[in-house]
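For reference, the structure discussed in these notes is given below.
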Amino acid sequence: MESVRYHRILLKLSGEALSSGAGQGIEPTKAMGIAQRVKEVREMGVDVAIVIGAGNLWRGKTGLEMGMDRATADYMGMLATVMNALALMDSLESIGVMTRVQSAIEMRSVAEPYIRRRAIRHLEKGRVVIFGGGTGNPYFSTDTAAALRAMEIDADVLIKATKVDGVYDSDPKLNPQAVKFDHLTYIETLNRRLEVMDSTAVSLCMENKLPILVLNLWDPTALRRALLGQPVGTLVTVE
């Protein structure tokens with residue numbers, strides 16, 4: 001078995017990672033593509049936990065623009081993350097990867113309630129754990145949920161999976177002169193207001209010295225190379 005740098009990871013996915021080009025709905029082939037990458041990581045002996053967003057199904061911002069109560073809009077988003085979690089679980093189990101979905105909002109018919117020690121036990125048994133339902137509280141993003149769960153399960157790194165190969169000083173799709181950062185500190189990330197994760201999530205990682213690695217999940221080799229300690233994407237650390 002290859003020597004890996006990180007033995008337990010929390011993979012943060014956007015809901016759009018499961019969608020088609022329009023960014024809406026759940027596309028089974030996209031879910032299967034993610035499942036295949038996760039399987040490769042598991043075969044390296046790495047424990048994998050996942051937090052997934054819900055932007056492909058519901059955006060609280062849309063509800064707010066329509067006059068919806070903020071808490072209600074957020075709860076709808078949390079429920080949508082469970083739908084995405086179940087879709088990803090189905091893809092993983094179809095290729096032989098044992099998976100458990102835990103939800104911060106209890107819905108025992110479809111998912112286990114979130115229990116930290118049970119989640120850790122699943123990981124120790126080689127199962128992938130997908131955390132749905134955000135933090136279970138409104139006003140917190142799935143970025144914050146990812147940071148919180150990563151610390152609770154003693155993850156070695158929080159990996160933010162995106163469609164670009166790291167963090168840039170501006171949008172590389174709009175600015176061909178955009179500069180990519182190989183490394184950032186938490187303070188630089190916050191001061192520059194770089195869209196790595198929301199400020200609450202970054203601050204939580206900073207307080208607990210949890211590294212954040214931003215990489216392109218759709219690069220077929222990026223995740224594997226990162227776990228082997230090769231320079232990939234943008235790493236955010238204390239210094």
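The charge dipole of region 41-103, taken about its Cα centre with unit charges on the Cβ atoms of Lys, Arg (+1), Asp and Glu (-1) only, comes to about 120 debye. Charged side chains reduced to their Cβ positions (Lys and Arg at +1, Asp and Glu at -1) give the chain a dipole of some 420 debye around its Cα centre. When +1 charges are put on Lys and Arg Cβ atoms and -1 charges on Asp and Glu Cβ atoms, the dipole computed for region 8-77 relative to its Cα centre reaches about 140 debye.
Please work out whether the chain counts as rounded, prolate or oblate from its C-alpha gyration tensor, where a ≥ b ≥ c are the square roots of the eigenvalues and a/c under 1.5 means rounded, while otherwise a/b larger than b/c means prolate and anything else oblate? It is rounded, given that a/c, with a ≥ b ≥ c, falls under 1.5. Which pairs in the list Lys39/Lys173; Lys39/Lys180; Lys61/Lys209; Lys125/Lys163; Lys30/Lys125; Lys12/Lys180 are over 24 Å apart, alpha-carbon to alpha-carbon? Those over the limit are Lys39/Lys173; Lys39/Lys180; Lys61/Lys209; Lys125/Lys163; Lys30/Lys125. Each residue, Glu207 and Arg116, gets one label point 7 Å from its Cα in the Cβ direction; the gap between the two is 1.3 nm.
Per-residue 3J(HN,Hα) values for region 68-74, derived from phi via the Karplus relation 6.51 cos²θ - 1.76 cosθ + 1.60 with θ = phi - 60°, read 6, 4, 4, 4, 4, 4, 5 Hz in sequence order (x marks Gly and Pro). The distance from the alpha carbon centre of region 52-96 to that of region 140-191 is 21 Å, rounded to a whole number. The residue list Gly60, Tyr114, Ile130 was ranked by how far each Cα lies along the charge dipole of region 1-134 toward its positive end, using unit charges on Cβ atoms, and Tyr114 comes out on top.
No value in this document is a laboratory result; all are computed from the given coordinates. Just so it is clear, the structure is predicted and the values come from calculations on it, not from any experiment. Here the Cβ is made from the backbone with ideal geometry for all residues, glycine too, and neighbour counts use every protein chain on show.
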